[in-house]
Amino acid sequence: EGVRRQTEFLAAASHALRSPLAVIRSSLSAAQTAPDEAQTEKYQTAAAQEAERMTRLVDDLLLLAGGDAGNWRVDAATVDMDTLLIETAEQYTPLAKKQKQTLLLRLPDDTLGEVKGDADRLRQILSVLLDNALQHAPSGTGVILTAARTNNRLELEVTDHGQGVAAEDKDRIFARFYRADNNRTGTKHFGLAPAVAK
C-alpha cells in the first residue's frame, strides 16, 4: 500500500510539474522570436509566473516530504493572536474585493491574548482556508474569519457560502493532489494545500 501510494504521488507530482515547465519552455521560445519588445516582455512575464507557480509546488512537496520523514519543524514561540488575525485578514481583503466578495473578521470584545505556537505555520493554515473559501464563495457573498475563546481553547473558523463539500468527497479532501472539482480549469492550485494545512 505504501509503495502504491508513493507511486501515485510521484506520478501526480510529475504531471503537475510538467504543465508549468511546458509553459516556461514555450514562452521563452516565443520570446526569442517575438516581433517587438512588448511581445517579448509578455512572454517573459508568462514564464516568470509559471516559474513562481513551480516554486510554490516544490515548496509544498518538500514540506510534505519533511512531514513524511518526521523532520518537519515547528518553531514554537509566543504569538499575539489578535495581531496575527488582523494582519492575515488585511492581507486577504484586497483579494476578496477583487473577486467582488467581502472578508469579515469577527473577534471577541476581549483580547484573544497570546498562544504558544509557530506564527508562520498558523498563517499558512489560515491562508489555505481563506484561499479555499474565497475560491469557492460565489461573487457577492462574504467570507468570515472568526476567533473565539472557550475555556482554555482558542478556536478559529473560516466560513463561506459556497456549495460545500459533497459527502462522498469529505474523506478525501486532505489527500495529496485530490481536487473534488476536477472539472475546474484553473491552474493556480495543485490540490496540495489541504494536505499541507493538515
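Summary table
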{"read-out": "Residue that is farthest from the chain's Cα centre (by Cα) [pool: residues in the stretch 120-149 that are of a type in the set (D, E, K, R) and surrounded by 15 or more Cβ atoms within 10 Å (Cβ to Cβ)]", "value": "R121"}
{"read-out": "Selected residue (only one of T45, T55, T83 is open to solvent by 50 Å² or more (accessible area, probe 1.4 Å), of a type in the set (S, T, Y), out of contact with any Leu (no Cβ under 7 Å at 6 or more places or on another chain) and under 30 Å from N152 (Cβ atoms))", "value": "T83"}
{"read-out": "Any hit, the stretch 79-97, residues being closer than 30 Å to L62 by Cβ, modelled with pLDDT of 85 or more and not in a helix (DSSP H, G or I)", "value": "yes"}
{"read-out": "Tally, over the stretch 151-197, of residues that are at pLDDT 75 or above, part of a loop (DSSP other than H, G, I, E, B) and under 24 Å from L10 (Cβ atoms)", "value": "1"}
{"read-out": "Yes/no for A89 being over 30 Å from E157 (Cβ atoms) and among the aliphatic types (A, V, I, L, M)", "value": "no"}
{"read-out": "Enumeration of residues in the stretch 1-42 that are at pLDDT 85 or above and open to solvent by 100 Å² or more (accessible area, probe 1.4 Å)", "value": "R25, Q32, T33, P35, E37, E41, K42"}
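The values are calculated or read from the model by the stated rules, or taken from the named source; none is laboratory data. Computed from a predicted structure; not experimentally measured. Note that we place each Cβ from the backbone using ideal geometry, even for glycine, and neighbour counts take in every protein chain shown. Quick note on the areas: whole protein, heavy atoms, side chains included, nothing else; ligands and nucleic acids left out. Shrake-Rupley method; radii C 1.70, N 1.55, O 1.52, S 1.80 Å.
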